[in-house]
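Notes follow once the structure below has been shown.
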Amino acid sequence: MEPTQVIKKFQEFLEKNYVKEISERVRKGKKYLVVDFNELSKFDPQLADELLETPEEVIKAGEIALESFEIEGDVKNFKIRIKDAPESTAILIRNIRSEHLNKFLFVKGLVRQKSDVRPQVTSARFECPSCGNVITVLQLDQKFKEPSRCGCGRKGKFRMLSKELVDAQKIVLEEAPEDLDGGEQPKRLDIFLKSDLVSPISDKKTNPGSKIIINGILKEVPLPAKDGGNLTRYDLMIEANYIEPIEEDFLELNIEKEEEKEILELAKNPKVYEKLVNSLAPTIYGHDLIKEALILQAFGGVRKKRKKGSATRGDIHILLIGDPGAGKSQLLKRMSEIAPKARYVSGKGASGAGLTATVVRDEFIRGYALEAGALVLANRGICCIDELDKMTKEDRSAMHEALEQQTVTISKANIQATLRCETTVLAAANPKFGRFDPYEVLAKQIELPSTLINRFDLIFPIKDMPDASKDAKLAAFILSLHKDPTELVTEVGNKTLRKFFAYARQKCKPALTEAAVEEIQEYYVKMRASGSEEGGVKAIPITARQLEALIRLAEASAKIRLSDKVTRKDAQRSVKLVHHCLTEIGLDPDTGKFDIDRISSGVTASERGNIVLIKEMISELETKEGKTISVENLLVEASTKGIKEDKVLEVIEKLKRSGDIYEPKKGFISKI
């Protein structure tokens, strides 16, 4: 097609479909118009094909056609953006070849890095000092170009009158993990953004970690040789024409009117809790309490900001500890599928830097750049960490700050940064020896640092014990699944679930009612009073951290009904979950009372009481026997006070490890 013909066609197309929108854009001062490719191909298939083959000329023709419109206001320098490119132009980054140069492509992936926005010269005007002639030079290359000669014969030394600048930015796009086969490493591609694509509003869409679709034109970039000139090898980059975010977080997910109607109907249903629990992981049998907790986790509590600037987190962190084959990983995988903006990482393959943030050498800005890790990339989303117990100690400690303060602070290579990390964490781990020992206390079998465990609101042990009736049901359930895989239909579809979570987080900020406050307070005070007293050391059954967990769970329960008030029923639901977890983990078998220290510090109150008593005995025996004390005498002394032999030996081991006593010779101990 002739250029004049293309301009004419484009003019007809815009007149037919976009007149109202153009005037609206001009009024709002937006300098771009988004054109739907499908409408263009309906209007004139030949023009649409031409756009894919020679995009630069066609888009330029469209911009010229736009400028000829007679509309109040300025239609100069309007940009045309093409959305909904056809699937035929979709291409994986790894499949881009030289034949695609200067074609219109449609690429999707994750944003890994992002440079700062900087101005770039598009054209400059020069004046010839001899004859006064004005020469305009378009700046299309990397280097700034001056005119070489003027019509009057003068060469060099021209005076620059003015230059036009646009904002430009470069981002690095990486292939999304789900598009990869087997052991391939994700490939990267540079994307160049200009003018309105780097405005503050669209800047949020391209934050590292977000998943986006880019429509643009593939260009080649000359690589400079070390000794001047260019190499024969070229680099590739895409000049972006339109950006569309795919995986948005809870707060930015777009919800249509019909979907909103469906969500509101679902929330009003009295059986909404059962429906959601049944739809969460229909392929996993049982575990209803855990599924309920996971649903509450997806809705989350309310993040509160105080006037003084401190914030209280609203995210509910959950830890699943269980025997192998209990379906923990499947629950995690399922959560990462239905929550908007979710990441799944596995213990052995995750390092502390990979979870939080790391500093890398950046070729583009010639220095160091921050690269966000999984917890930061899942900001305002959910991060599922499997095999938490397989991670090294140092890597696990990197999570402490992210879980409670919800920030990640990094100070490396002259970069001091605090990254936001409002991420909900769902973690899974195995017990100490791979499987729970039914005769040993549960808390002793969880081999995770107490400081980390303390930060989880709910901890669920999943025991796999033989039980004839339960096993028969489980086997029947799994076999029926395999027999007819298509039979399973969930009550609430994946898409609706995801939109429901997002809608509740966007719109709902429930406040506690008096009844709910009473219920939670009553439970908390009752639990605090129920601690047993032994040897002068009082057991602490529950701490303020669990109190905050109760509040968050009650708020999440109210969000499911899209209510703005937390009722007594919500409080009862949260008490039920927290009490279940405390019963499973916090019960002291010696006294039958609750003791939160079992899990949060690893030393129970009764043990602490024993340690105090035995220390006193050692001091008494020292006055009688001198510096070195016989262990036998200590055992005799302890039996008179009713402490069993195995308990005494256990305490001696603990004291040795903590460096309070040592063994100068076998069978004797001495204070340090």
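The values are calculated or read from the model by the stated rules, or taken from the named source; none is laboratory data. Worth saying up front: this structure is predicted, and the values here are computed from it rather than measured. As a convention, Cβ positions derive from the backbone with ideal geometry for all residues, glycine included, and neighbour counts pool all protein chains shown.
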Considering residues that are closer than 15 Å to Gly609 by Cα, at pLDDT 85 or above and exposed (fewer than 12 other Cβ atoms within 10 Å of the Cβ), the number found within segment 623-653 is 0
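Looking only at segment 607-645, which residues are of a type in the set (A, V, I, L, M, F, W, C) and touching an Asp or Glu at 6+ places or on another chain (Cβ under 6 Å)? Full working, then the answer.
Going residue by residue through segment 607-645, those that are of a type in the set (A, V, I, L, M, F, W, C) are 611-614, 617-618, 621, 629, 631, 634-636, 638, 643.
Residues satisfying the conditions are Met617, Leu635.
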Can Arg306 be described as basic (Lys, Arg), closer than 28 Å to Arg420 by Cβ and surrounded by 20 or more Cβ atoms within 10 Å (Cβ to Cβ)?
no
Subset of segment 159-181 [modelled with pLDDT of 85 or more and not in a strand (DSSP E or B)]:
Glu175
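Just give me the residues in segment 555-577 being assigned to a helix (DSSP H, G or I) and touching a Cys at 6+ places or on another chain (Cβ under 6 Å), in sequence order. Write out each step before concluding.
Of segment 555-577, the ones assigned to a helix (DSSP H, G or I) are 555-560, 568-577.
The one that is assigned to a helix (DSSP H, G or I) and touching a Cys at 6+ places or on another chain (Cβ under 6 Å): Lys559.
Which of the residues that make up segment 138-158 are part of a strand (DSSP E or B) and surrounded by 11 or more Cβ atoms within 10 Å (Cβ to Cβ)?
Looking only at segment 138-158, we keep the residues that are part of a strand (DSSP E or B), and these are 138, 149, 155.
Across segment 138-158, the qualifying residues are Leu138, Arg149.
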Pairs where the first residue, in segment 539-565, is touching a residue at least 12 places away in the same chain (Cβ under 8 Å) and the second is among the hydroxyl-bearing types (Ser, Thr, Tyr) and in a helix (DSSP H, G or I), C-beta under 6 Å, 6+ apart
Leu547/Tyr524; Leu550/Ser574; Leu553/Ser574; Ala554/Ser574
Close pairs from segment 643-666: first part of a helix (DSSP H, G or I), partner hydroxyl-bearing (Ser, Thr, Tyr), Cβ under 7 Å, at least 6 apart:
Lys656/Tyr662
Whether any residue in segment 121-142 is in contact with a Leu (Cβ under 8 Å, 6 or more places away or on another chain) and at pLDDT below 85 is what I want to check.
yes
Among all residue pairs at least 6 apart or on different chains, which show Cβ distances below 6 Å where the first residue, located in segment 575-586, is assigned by TED's automatic domain parsing to the domain that holds Ala516 and the second is of a type in the set (Ser, Thr, Tyr) and not in a loop (DSSP other than H, G, I, E, B)?
Val575/Tyr523
